[in-house]
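To keep things clear, I will list the structure first and then write my remarks on it.
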Amino acid sequence: MEEKAPAGRDDVRVRVANLERFATHDGPGIRTTVFLEGCPLHCPWCANPETQSGLPALFHDAERCVGCRECEGACPEHAIAFVGGTFSFDPARCSGCRLCERSCLHEALELQGRTRTAGDVLDEAERDRDYYETSGGGLTLSGGEPLANSEWALALLKGARARGLDTAVETTGNVAAWTIEAAEPLVDHFLYDLKHLDDETLRRVTGGDGRLVKANLALLLQRCPEKVNVRIPVIPGFNHDPELLVAMIDWLKAAGALRVNLLPYHTLARDKYRKMGREYECPPDPLDDRDLSPFHEYALSIGMESKIGA
């Protein structure tokens, strides 16, 4: 029997890493972007590493920390410890009570996200309806991989549709096909990442299922090509290769894509990795528009709409 997407209830609670108002790079116009936690991929260049695991993420600023250990004593779940004088955090133990954050007089701790219902998020998003209407904006669901939380995501999208809000979804496409099918009628804009054509490379570097990503993208391009903005994050050492990028653009053209966004690699999230006690393993130097210009021009030359950047 074919698996069906859940109906979606607006009282389900999931971890929302952040709700960004007045966002301008996550779809048309002025938008409210909701960043959900949890992702099936682990891209080394991820700009939102705090959303990857789906567990609470605690930013610890070692430059502010004086080692007083007040946070260690405040945590009822013993999720914080100083081992040999070094701060450590166990997200599996964290209950999200934020007592550690409140106990720190030096503002060295910041717990990311909180659990929220879809109805609660919609109520907050509606505060900016006037801005959406004047700019052609709306609500964007991002992450992490927002469609991995399918029940919550569908509840949010259905609620947004009922309230007349424009909707966008930023997705890796690495989700079950029935989730894409259930979301499609509720979404006005899909911001869909295509990271690589080679399935083994994608799996090895990101943990993604390339066949699934391409199949879901092909499904959307067949059903609603006008809704789909395909985005290629161009990453040195991964897919920043002239032959590969041309091949990716050719594949998109053949699949029926109307437009492509080329996203230059950046290192803006480096500080987040530091605060999470993780090594940032990607190249130190970002790309700029000049690095992507030849591929932008190529996409235009074969009749696609193209843009460098989000």
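Rule-based calculations on the coordinates, nothing more; no lab input. Because the structure is predicted, anything quoted here is derived from the model rather than measured. Cβ coordinates were reconstructed from backbone atoms using ideal geometry, including for glycine residues, and neighbour counts include every protein chain displayed.
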Given charges at Cβ of Lys, Arg, Asp, Glu: the chain dipole, positive-most of ALA299, TRP178, GLY27: TRP178
Alpha-carbon centroid distance for the pair region 109-125 / region 169-183, whole angstrom: 22 Å
Kirkwood Rh, Cα atoms: Rg over Rh of region 185-263: 0.95
Average projection area in nm² (convex hull over Cα atoms of region 57-110, one quarter of hull surface): 3.2 nm²
Approximate spin-label separation GLU20-ARG93, in nm, with each point projected 7 Å along Cα-to-Cβ: 3.3 nm
Proximal lysines relative to LYS272, as straight alpha-carbon distance under 27 Å, when same-chain residues fewer than 8 apart are discounted: LYS195
Amide H contacts under 5 Å for ARG231, placed H, 5+ residues apart: TYR192, ASP193, LEU194, ASN261
Neighbour-count ranking [beta-carbon atoms within 10 angstrom, fewest first] of LEU141, LEU111: LEU111, LEU141
Proxy reagent accessibility, fewest Cβ within 10 Å first, across LEU268, LEU219, LEU287, LEU202: LEU268, LEU219, LEU287, LEU202
Overall form of region 119-250 per C-alpha gyration tensor (a/c, 1.5; a/b vs b/c): prolate
Fully extended contour minus Cα-Cα distance, from GLU243 to THR134, at 0.36 nm per residue: 35.0 nm
